[in-house]
1. Just need a number here: residues in the range 52-99 that are more than 13 Å from the ligand (Cβ to nearest atom), of a type in the set (S, T, N, Q) and touching a helix residue (DSSP H, G or I) at 6+ places or on another chain (Cβ under 6 Å).
2. Between a first residue in the range 232-252 that is closer than 14 Å to G92 by Cβ and a second residue that is modelled with pLDDT under 95, which pairs have beta carbons less than 6 Å apart while being 6 or more apart in sequence or on different chains?
3. When the range 34-52 is examined, which residues are found to be out of contact with any Cys (no Cβ under 8 Å at 6 or more places or on another chain) and closer than 17 Å to G88 by Cα?
4. Scan the range 14-26 and give yes if some residue there is within 30 Å of V215 (Cβ to Cβ) and more than 19 Å from the chain's Cα centre (by Cα), otherwise no.
5. Considering only the range 32-50, I want to know if a residue exists there that is assigned to a helix (DSSP H, G or I), more than 8 Å from the ligand (Cβ to nearest atom) and surrounded by 20 or more Cβ atoms within 10 Å (Cβ to Cβ).
6. Residue by residue through the range 174-197, note down the ones that are among the β-branched types (V, I, T) and out of contact with any Leu (no Cβ under 7 Å at 6 or more places or on another chain).
7. Please count how many residues of the range 140-190 are at pLDDT below 95, under 17 Å from M108 (Cα atoms) and of a type in the set (G, A, S).
8. I need a count of the residues in the range 152-180 that are closer than 23 Å to Y248 by Cα and within 13 Å of the ligand (Cβ to nearest atom).
Amino acid sequence: MAPGFVIHFGGKCVVVTGGNRGIGLEISRAVAKAGASVAIIYRSSKDAEQVATNIGKEFNVKSKAYKCDVSDADLVNKTFAKIDDELGPIKGLVANAGISVVKPALEMTTDDFNKVFTVNVLGVFNSARAAAKLWIERKHQGGSIVITSSMSSHIINQLGSNKPLTQIFYNSSKGAVTNLTKGLAAEWAPHNIRVNAIAPGYVDTDQTAGMDEKVKNYQAENVPLKRFAKPEEMTGQAILLLSDYASYMTGGEYLVDGGQLIW
Ligand code: NDP
């Protein structure tokens, strides 16, 4: 008997920025499993090409890695055009690449601000615009953009073990991303381009690996589901938003946080 609810991207191409590790890697694998060609964008990793090859073999889809710093607008535009020619048509984008700097606010520098905002806000914008430009100019009849925001667009993560420590520029960059999502969704709705965000809670990746063990345990205890997420637990919402099942969803931000924001 045929299953009643199936998402299949049937050879369409999905671009995943930061798709070579962590949450992005699991989203790359999930879209490949759903039949999409996958373009993985990475910044400097040595094994991204091998990661892409492995995904292609495992799921029998086209999969390729593209080295591109998402904060460089010209390079992002050129890379997306190349992907569209090589693996396209691009129909989906997961703008997922993100970084953090953890330091007391009094020690943060302009360089720290620029580092975080040029990836987490400008990088997301550059990627979204590159996809939208293609979709509009090449008449691809729309597409879906999923942005990886964070539950910390709503709350401040407490990262200190004996006194408050935050990642103030990260938290504020994710707050900015929520409004970026809404603004782009509003502007591009007439082109049938949907823009949504997922807002993960704590996820076990390289980004959280350096957290103080005591703080980590305390934070995990605070989550109603009593644990950090595995990166693959972020894929369901992303896949849904990329798919036609979400055809009336745009401008939204969807928590995947184990219930953390209930408290
Ligand atoms: P990781 O630190 O595991 O991976 C970061 C990814 O982003 C890498 O693939 C990296 O590429 C890529 N990247 C970083 N800077 C750039 C750049 N300038 N250009 C292109 N690619 C870049 O991150 P996570 O998987 O933990 O996080 C993914 C997203 O989810 C981020 O936006 C993060 O803020 C968000 N998030 C994470 C949470 C968590 O608890 N982990 C919670 C909430 C949100 P390379 O390997 O080449 O360096």
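1. 2
2. I239/I7; S243/I7
3. A34, G35, I40, A52, listed by residue number.
4. No, every residue in the range 14-26 fails to be within 30 Å of V215 (Cβ to Cβ) and more than 19 Å from the chain's Cα centre (by Cα).
5. yes
6. V177, T178, T181, I193
7. Number of matching residues: 1.
8. Adding up the residues that qualify gives 3.
The values are calculated or read from the model by the stated rules, or taken from the named source; none is laboratory data. No experiment lies behind these values; they were computed from the predicted model shown. Every residue, glycine among them, receives a Cβ derived from its backbone with ideal geometry; neighbour counts consider all protein chains shown.
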